[in-house]
Amino acid sequence: MAGLQEAERIARADRILDAARDLLLRWGYRRVTIDEVAKHAGVGKGTVYLHWRSREHMFLGVGAREAATMIDAVVDAMRDDPMEITLHRYMRRFFLEAMRRPVLRALFTRDAETLGGFLGSPAREPLDGAKLTASREYLGALGEHGLLREDLRPEDLDYWLPAVVFGFFGIEPLLPPHVGIALPDPGRHPTTDLRPPGSAVPDTVRCGRRRSDRRLRAARPRLPGRRLPRRILTGGRPRTRHHDEEGGPDMGHDINGLHHVGHIVQNMGEAIERYRRLGFTVPPPAHPVLPTGADGAIEPFGVANTHVRFPGNFVELVAVIDDGAATRLPTESRPIPLHVPADKLPFLKAAIRATSENVATCLRRFQGVHILMFDTPDIENAAVRLSSEGIGHGGVHTVQRPVETPAGTRTEPVRYLEIDGTEPRSSPGLVPEGRIGLAENAPPEASDILQATDHPNGATGLVACLLCVADAALPEAVQRYASYIGRPARYDPSTRTAHFDNANLTLVAASALTDLLPGERPPALPAFVSYTLSVRDTALTERLLRAGRVPFGRTPSGELFVPAKAALGTALVFREENQTTRPAVV
């Protein structure tokens, strides 16, 4: 049964990639939307997001699939004819196979009309990394079998060998229309047609010894195969533990971006009204209720929450239910009775009170975002990594959260852990800026589980978060988050920012905040001062904000943002999905 489900998932992914490829070549990257791809593939929009978390990652899958078929063709040719293993013939074969595939041709010739903003997207990095790894393995096989000069290492050729090959790709846009290259018929013998780029390989790089079929055949078992993970080609998140080359846990690949942020508010009713005014679809909040006595009376207890949902993540609104807050809950609130055995009730109450107190502690600092959960495909592996690095956490827990489906609302398990602070007398599950942790969703079991929420402002996903810290505390905070995330930051001294690209998190020194968000000041330090949402069309978002008389500004990179004063303590940044440059806020 599991094998059948996996086959169906792969077939569905292929169907989506077929549709995306056809639309890409027909319309160009800028015009192709997830909605159009889903329509042409015959699936729901939510299904596409079950495979790939963003439009960029879906198109990465399109390019990766063509790259995989190209690598297969190159390796098959080498296995059929030992002479194809030689460097000049390999370069020639690589060029021909790439030019026969429209998407790869557009990538290598940097066809901006077809690929637009995807050419500068960080999502392309796995393709570049796989290409470099395969090239080094191939050159290593040549050197090992005497088919490359003995004084050359594979890494010595990292720069100039691609320069030779890609010169043939890069020249095409610079030539007059009547000057082109006629690709040979794939069925014809390779020595009878086009000679470049193999003929451009200097003799100083070629083997100094006489080539022999024996050496060429001996090199064939070492030929590189596909180096692109299946999850790039089919989407989804791997359900097995990652391992490094020596079989141990892979300590740097267990964060996939943002799972959600939590906005802690004083008044849930006012918060929902404000978010709806900002153009979000917000369902009624839910809150737990507990029996108060033998008469069956119940009372609100703990915290109330609701979610602004996107296909891959969400924003949570959270309010503490204290003595007065219960009366401030909207009349549309949904009570969730907690049915537990009498002997378990005291323990449940204690756990809920601890959570409520942590939320209340955050709210006493300021109203705004205090919760940040990173998305992980393997929470057990992440917990091992954190423990091995001496980072305290409360262990892995499971909760049930409501999920909107075409058949209605149902619950699904979410596994999570919260990181403990190291400050004296700090509460478990709290760090200086709030509640930080990791979360793992249950694997999807059907093709259309998620019912995509349509937001009037065109918002499609949570894509970034900005943490502001004191200037002197920035190095320590960067080091701390590098331990949480398992990857080093990319530091930009010109803007005093540190970027964790795999986690969609940026840290900024307090003195540099206004350079990113003009007019903004942190309510406390450290503090999450903004989060960024992708939208389909910023012009539509701007019209909605104007109609609702919501104040907004522009970042130096031109993005819309609603200041913290108008957004309950934390600024909201809106970024268009097809934006081509890396914004300053991220």
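The values are calculated or read from the model by the stated rules, or taken from the named source; none is laboratory data. Note that this is a predicted model, so its numbers are computed, not measured. Positions of Cβ are backbone-derived with ideal geometry, glycine not excepted, and every protein chain shown enters the neighbour counts. Surface accessibility is based on the protein's heavy atoms, side chains included, excluding ligands, DNA and RNA. Shrake-Rupley method; radii C 1.70, N 1.55, O 1.52, S 1.80 Å.
Within the set Glu380, Glu423, the sole residue that is surrounded by fewer than 20 Cβ atoms within 10 Å (Cβ to Cβ) and either among the polar types (S, T, N, Q) or modelled with pLDDT under 80 (or both) turns out to be Glu423. Look through Arg26, Arg21, Arg15 and report the one residue that is more than 19 Å from Leu115 (Cα to Cα), open to solvent by 40 Å² or more (accessible area, probe 1.4 Å) and in a helix (DSSP H, G or I). It is Arg15.
Are any residues in the range 365-389 in a helix (DSSP H, G or I) and polar (S, T, N, Q), and if so, which ones? Within the range 365-389, Asn381, Ser387, Ser388 qualify.
Within the range 60-98, the set of residues being at pLDDT 85 or above and open to solvent by 30 Å² or more (accessible area, probe 1.4 Å) comprises Arg65, Thr69. Of the set (1) at pLDDT below 90; (2) assigned to a strand (DSSP E or B); (3) open to solvent by 20 Å² or more (accessible area, probe 1.4 Å), all apply to Gln451 but (2).
Apart from one condition, Lys39 fits all of (1) open to solvent by 20 Å² or more (accessible area, probe 1.4 Å); (2) modelled with pLDDT under 90; (3) part of a helix (DSSP H, G or I); the exception is (2).
Could you tell me whether the range 4-15 includes any residue that is farther than 24 Å from Leu533 by Cα, among the β-branched types (Val, Ile, Thr) and out of contact with any Cys (no Cβ under 6 Å at 6 or more places or on another chain)? Yes, the conditions are met somewhere in the range 4-15.
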